[in-house]
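Undergrad: Submitted below is the structure of interest, expressed as structure tokens.
The values are calculated or read from the model by the stated rules, or taken from the named source; none is laboratory data. This is a predicted model, so every value here is computed, not measured. In this analysis, Cβ positions are derived from the backbone assuming ideal geometry, glycine residues included, and neighbour counts consider all displayed protein chains. Just so you know, the surface numbers come from the protein's heavy atoms only, side chains and all, with ligands and any DNA or RNA stripped out. Shrake-Rupley method; radii C 1.70, N 1.55, O 1.52, S 1.80 Å.
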Amino acid sequence: MTSSVAPEADWDLAPGLLDGAKELTLGPEECDLAYWFTSVAQGTLRDRGETGHHKDAVVPDFLKEPGPLREALILEFGFRGLSEEIATRLLAPYVAIAPGVPELEFYATQLIDEARHARVFRNHLVELGMPAKTLLRDIDEMAADYRTRVLDPVVDFTLDIVRDQGDFPGGVAVFAIVIEGVLAPAAELSERKWTPLSPATGEISRGTAIDEIRHLTVASTILKNHIEANPGYRPRLMEILRSGVELWDSIPDREFVIHREELFQKGMAEHADKIGDYEIWPGVRMLDTTPDQRYDMAEQWTDEMAESRMAYMGLPVEVLSSRDSTA
Ligand code: FE
Ligand code: FE
């Protein structure tokens, strides 16, 4: 790796997603187009541009055979592939209404990042043996329910703010705090789950997690600067965040996650010999965890991450507490 690659984008030096998102501060001025070409395209993605993993990181044969583990992975990466495609489309109005060149360049790079995530998640299914020819249709069919019940409401909510109302900071808040703030811990969990089972899968998740550190931290800086310069925007921002939390509370994402965690649980037991004493988080063997425990841990990470990001922006974390827990 050349020294011109920023450490947070360097494959071997970048921190984990949660640590990076909690501890790093990056802004749109540093993460511009030149940074992206140098540190991301020629840094993070070096030798991993095509599939999202190094050619030496392989897909094990047992994941190409039918079974619950394969089914869990197909559901997870199929849904994530579709979500990332939708995220890409959603980011187009951010580029269109970016208030300045630094924000424009940053969102142009994030748009490409999400399009790339969609591609590597989707194409991983072909590496697992799904037919390339019908891939898009197969994913659409598999994720139809998830799309209508989980993704569509989020898209409508976001487009109303960023496209219809032309509210750039409001859109930044929705994308980084409401959408990615919840999805990032799920991505972290994915990386930890698949790493001992499939080097290729683990690397794909790792690569997207490195991008995610940038998405979360740069958006926080944009918002922090905006509120400092425009304190009058604060109440509006709080209102958007409250509605965003209300929206998440009304969305049945848990049932989709738990379904594939249950499949993972069955598959994990079948392949226990490959997992051994591997710890999913310090002191806890992955083999000893249950679907609910893993889901709850991702929620706990969401809260921890939100706490430090909100403090950085000078915003009260309580605004993100779900209505269920404050009622
Ligand atoms: Fe992404
Ligand atoms: Fe992202």
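Undergrad: Over the range 21-317, what number does the Rg to Rh ratio reach, with both radii from the alpha-carbon atoms and Rh per Kirkwood?
TA: Ratio value, two decimals: 0.96.
Undergrad: Check each of the trypsin sites (Lys or Arg not before Pro) in the range 110-204 and keep only those in coil by DSSP with at most 14 other C-beta atoms within 10 angstrom; list them in order.
TA: Hits after loop and neighbour filter: LYS133.
Undergrad: Also, quick follow-up: Please compute the Kirkwood hydrodynamic radius over the range 272-327, one decimal place, Å, based on all pairs of different Cα atoms. Numbers along the way, then the final one.
TA: Values: mean 1/r = 0.0742 Å⁻¹.
About 13.5 Å, per the Kirkwood formula over Cα pairs.
Undergrad: Mind listing the Cα extents of the range 1-117 along all three principal axes, in Å, largest one first?
TA: For the range 1-117, the Cα extents along the three principal axes come out at 50, 35, 27 Å.
Undergrad: From the Cα trace of the range 193-327, what convex hull volume per residue do you get, rounded to a whole Å³?
TA: Details: hull volume 16.6 nm³, N = 135.
Here the figure is 123 Å³ per residue.
Undergrad: Just subtract the alpha-carbon distance of GLU30 and LEU135 from 0.36 nm times their residue separation and send over the number in nm, one decimal.
TA: In short, 34.1 nm is gained.
Undergrad: Largest first, how would GLU50, GLU239, GLU203 line up by accessible area (1.4 Å probe)?
TA: So the residues, ranked largest to smallest area, are GLU50, GLU239, GLU203.
Undergrad: Which value at 222 nm does the chain reach when only helices count, each DSSP H run of 4 or more adding -39,500 (n - 2.57), with the total divided by all residues and rounded to the nearest 500 deg cm²/dmol?
TA: Helix contribution divided over all residues of the chain: -20000 deg cm²/dmol.
Undergrad: Could you pull out every one of the lysines with an alpha carbon less than 28 Å from that of LYS274, ignoring same-chain neighbours closer than 8 positions?
TA: Result set, ordered by chain and number: LYS55, LYS64, LYS193, LYS266.
Undergrad: Arrange the peptides 35-41, 196-202, 271-277, 94-100 so that the one whose residues have, on average, the most other Cβ atoms within 10 Å appears first. Let's see the in-between values first.
TA: Numbers: 35-41: 19.0, 196-202: 21.6, 271-277: 12.0, 94-100: 15.4.
Averaged packing, sorted descending, gives the order 196-202, 35-41, 94-100, 271-277.
Undergrad: Using alpha-carbon pairs under 8 Å, 6+ residues apart, how would you state the relative contact order of the chain in percent? Before the final figure, lay out each step's value.
TA: On the way: 380 pairs, mean separation 83.0, N = 327.
The normalised contact order for the chain reaches 25 percent.
Undergrad: Follow-up. Please give the net charge around GLU23, taking every other residue with its beta carbon less than 13 angstrom from that of GLU23, where Lys and Arg add +1 and Asp and Glu add -1.
TA: Value of the local net charge: -2.
Undergrad: Just for the Cα atoms in the range 155-221, what are the lengths along the principal axes, largest first, rounded to whole Å?
TA: Here the spans come out as 45, 24, 14 Å, largest first.
Undergrad: Please list, or write none, the lysines whose alpha carbon is within less than 18 Å of the alpha carbon of LYS22, excluding same-chain residues fewer than 8 places away.
TA: Answer for LYS22, where 18 Å is the Cα cut-off: LYS224, listed by chain and number.
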